[in-house]
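Okay, so here's the structure we're looking at.
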Amino acid sequence: MALSVQTNVSAMLALQNLNKTNIDLQTTQNRINTGLKIAGAKDNSSVFAVAQSMRADIGALGSVKTSLDRAVSIGDVAIAAGEAISDLLIEMREKATAAMDASIDSFSRAAYDSDFKALINQIQVILQNADFDGANMLNGTIPNGIAFLADADAARSVTLNTQDMSFSGTIMTLSATASLGTVTLAASAVSFVNASLDNVNAALARLGSDLKKMEAHRTFIGKLNDSLTAGVGNLVDADLARESAQLTALQVKQQLGVQALSIANSEPQIILSLFGR
C-alpha cells in the first residue's frame, strides 16, 4: 500500500470499524437499559407492528376482564341475597304452618302474624339492597338481564339474566300483604310460601349457572391475556444475559478500535524517516 499524507486509507478503515463498533455498542446499551431488543419501529418494523397489535389486544382483554369481574360481583351479591331470601321463606313456612293450628289462641296467632310480616319486611329490605355498582338482579329494575363483554373486539357478550324476586311476581308468588290472621289466610300463605320457595331455589340455580359461566369465561380471558403477554415478550424482550456478554465484547472491541485508529494515524510519520539526513 502506498504511503501518503493526503489519503490515509488505513485510518479511514479503522475509523469505519470503530464507528460500527460504537453503533453496535449503543444498540446493546439501549437493549440493556430498556430490556427490549425491539423498542421501536426502526429496530424491526414488522415485528414492532405485530407486537403493537398484540399489545392492543392485551389492553382490550383487560377491559373484558374488568367487565367480567363486575359481572361476577353482581352475581355474587344476587346469589347471597337470594340465599338469604330462601332462608327467610323457610322461616315463613314454619310460621304459616304453625298458624294453621285452629286450636291456638288469638294472642299466639297475632304473634305468628307479626313475625310473618316482619320476615316479609326483611325480604323487601334484602331485595332493595341486593345491589352492586348500581345493578340489582332481584328487584325487577333490570328486566332483561345485563350483557357483559366477552371478547377483545366487543363483538360477543355473555349475559347475566335477571331473576325478579319481587312480591306477587312469577318467582315470589307470595303477596307482600299476606297475613296469618285466620286459619284460612294461614293456609293460603303456606301454599304461596311453598310455591315461592320452590321458585326462588330454581332461580338461584339459574343464577348459579350464569355465574359459573361468567367465572369460567373470566378464567379463560385471564389465560388468554397471559399468553398474549408472553407472546409479546418473546417478540420484543432482550436476552439480558446475552446482551451483557455482548456489551463486554464490544467494549473490548471499542478499545482495540481506538488503538488501531491511533496506529493508523501514525503511519504518515514513517514518511518523515524517508527524508531524514
Any chance L61 is open to solvent by less than 30 Å² (accessible area, probe 1.4 Å) and either more than 30 Å from A195 (Cβ to Cβ) or modelled with pLDDT under 95 (or both): yes
Neighbours by Cβ (under 7 Å, 6+ apart or cross-chain): first from the stretch 101-117, more than 14 Å from V183 (Cα to Cα); second aliphatic (A, V, I, L, M) and surrounded by fewer than 13 Cβ atoms within 10 Å (Cβ to Cβ): none
Residue under evaluation N144, criteria (1) open to solvent by 70 Å² or more (accessible area, probe 1.4 Å); (2) modelled with pLDDT of 95 or more, criterion not met: (2)
Which listed residue, of A187, A203, A178, is touching a helix residue (DSSP H, G or I) at 6+ places or on another chain (Cβ under 9 Å), within 24 Å of R109 (Cα to Cα), assigned to a helix (DSSP H, G or I) and touching a residue at least 40 places away in the same chain (Cβ under 8 Å): A187
Selected residue (criterion: nearest to T184 (Cα to Cα)) from residues of the stretch 88-111 that are loosely packed, with under 14 Cβ neighbours inside 10 Å and charged (D, E, K, R): D101
Condition met for M214 (hydrophobic (A, V, I, L, M, F, W, C), surrounded by 15 or more Cβ atoms within 10 Å (Cβ to Cβ), closer than 30 Å to I90 by Cα and modelled with pLDDT under 95): yes
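Test S114 against the criterion of being hydroxyl-bearing (S, T, Y), in a loop (DSSP other than H, G, I, E, B) and either surrounded by fewer than 17 Cβ atoms within 10 Å (Cβ to Cβ) or modelled with pLDDT of 95 or more (or both), and give yes or no.
Working: hydroxyl-bearing (S, T, Y): yes; in a loop (DSSP other than H, G, I, E, B): no; either surrounded by fewer than 17 Cβ atoms within 10 Å (Cβ to Cβ) or modelled with pLDDT of 95 or more (or both): yes.
So S114 fails the test.
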Near pairs, Cβ below 8 angstrom, 6+ apart or cross-chain, from the stretch 136-148 (aromatic (F, W, Y)) to any residue that is surrounded by 15 or more Cβ atoms within 10 Å (Cβ to Cβ) and in a loop (DSSP other than H, G, I, E, B): none
Tally, over the stretch 266-277, of residues that are polar (S, T, N, Q) and open to solvent by less than 90 Å² (accessible area, probe 1.4 Å): 2
Selected residue (criterion: surrounded by the fewest Cβ atoms within 10 Å (Cβ to Cβ)) from residues of the stretch 19-55 that are touching a residue at least 40 places away in the same chain (Cβ under 8 Å), within 30 Å of A150 (Cα to Cα) and hydrophobic (A, V, I, L, M, F, W, C): V47
Output for the stretch 124-139, where each listed residue is out of contact with any helix residue (DSSP H, G or I) (no Cβ under 6 Å at 6 or more places or on another chain) and crowded, with 16+ Cβ neighbours inside 10 Å: L127, D131, N136
Looking only at the stretch 222-253, and only at residues there that are outside any helix (DSSP H, G or I) and open to solvent by less than 80 Å² (accessible area, probe 1.4 Å), the one that is farthest from D24 (Cα to Cα): D237
Some residue of the stretch 79-100 being part of a loop (DSSP other than H, G, I, E, B) and more than 25 Å from D239 (Cα to Cα): yes
Filtered residues of the stretch 70-84 (kept if under 17 Å from the mean Cα position of the chain (by Cα), closer than 15 Å to G134 by Cβ and surrounded by fewer than 20 Cβ atoms within 10 Å (Cβ to Cβ)): R70, S73
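Residue under question is L149, and the condition is that it be touching a helix residue (DSSP H, G or I) at 6+ places or on another chain (Cβ under 6 Å) and open to solvent by less than 30 Å² (accessible area, probe 1.4 Å); does it hold?
no
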Test for A80: is it farther than 22 Å from S166 by Cβ and among the aliphatic types (A, V, I, L, M): no
Extreme residue, farthest from S63 (Cα to Cα), among residues of the stretch 152-166 that are in contact with a Leu (Cβ under 6 Å, 6 or more places away or on another chain) and open to solvent by less than 30 Å² (accessible area, probe 1.4 Å): M165
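The values are calculated or read from the model by the stated rules, or taken from the named source; none is laboratory data. Quick caveat: nothing in here was measured; it's all calculated off a predicted structure. Cβ coordinates were reconstructed from backbone atoms using ideal geometry, including for glycine residues, and neighbour counts include every protein chain displayed. Quick note on the areas: whole protein, heavy atoms, side chains included, nothing else; ligands and nucleic acids left out. Shrake-Rupley method; radii C 1.70, N 1.55, O 1.52, S 1.80 Å.
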